[in-house]
Amino acid sequence: MNVQFLVNGRAASIDVPSNTLLVQALREQLRLTGTHVGCDTSQCGACTVLVNGKAIKSCTMLAVQAQGAEVQTIEGMAAADGTMHPMQAAFKQCHGLQCGFCTPGMVMSAVDLCRQKPQATDAEIRELLEGNICRCTGYQNIVAAVKVGRDGMSAA
Ligand code: FES
Ligand code: FES
């Protein structure tokens, strides 16, 4: 089946079997390998992207369901001149990552979280990120990064 959608602001047209997951289409067809696959049970959140502005686990969605949608992956977060998105910069500044495997999904979820609930408390941030698993950091610095990133987003 042919799928036409916007990916990181650019029109994309791909031909995929109807059972292709969005994450497979992004990684294998469009070579956007910043979106990771960390599980086969839809639990880890490493595959999180924004679809029409909302954080979605791209392993839970078929590519054909993205027909006409606007998809944003971690590769589309930085500005054209390479300046990091405030949430990316905050993860770097606050050491919100170690191996980095979870980080693309964390950043995408964090951006959505801050848009949906800009006043979230630490406890709410932890709850809203519970769909994203990090095996390295202990989450402390991730929560700190989300708050710094939120400040950066509101200042931008
Ligand atoms: Fe999608 Fe783990 S790969 S939730
Ligand atoms: Fe390694 Fe999160 S930084 S899984």
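Against the condition over 15 Å from the mean Cα position of the chain (by Cα) and either more than 16 Å from ligand 1 (Cβ to nearest atom) or surrounded by fewer than 22 Cβ atoms within 10 Å (Cβ to Cβ) (or both), how does residue 43 come out, does it pass?
no
So residue 120 ticks every box in (1) buried (at least 16 other Cβ atoms within 10 Å of the Cβ); (2) within 15 Å of ligand 2 (Cβ to nearest atom) but one. Which box is left unticked?
Just one mismatch for residue 120, condition (2).
Looking only at the range 79-116, how many residues end up being exposed (fewer than 14 other Cβ atoms within 10 Å of the Cβ) and more than 16 Å from ligand 2 (Cβ to nearest atom)?
Matching residues across the range 79-116 total 6.
Output the helices (runs of 4 or more DSSP H) that fall wholly within the range 25-140 and possess 3 or more residues being touching a strand residue (DSSP E or B) at 6+ places or on another chain (Cβ under 6 Å), or say none.
103-116
No value in this document is a laboratory result; all are computed from the given coordinates. This one's a predicted model, so the numbers in the text were calculated from it and none came from an experiment. Ideal geometry is used to build each Cβ from the backbone, glycine not excepted, and the neighbour counts take in all protein chains shown.
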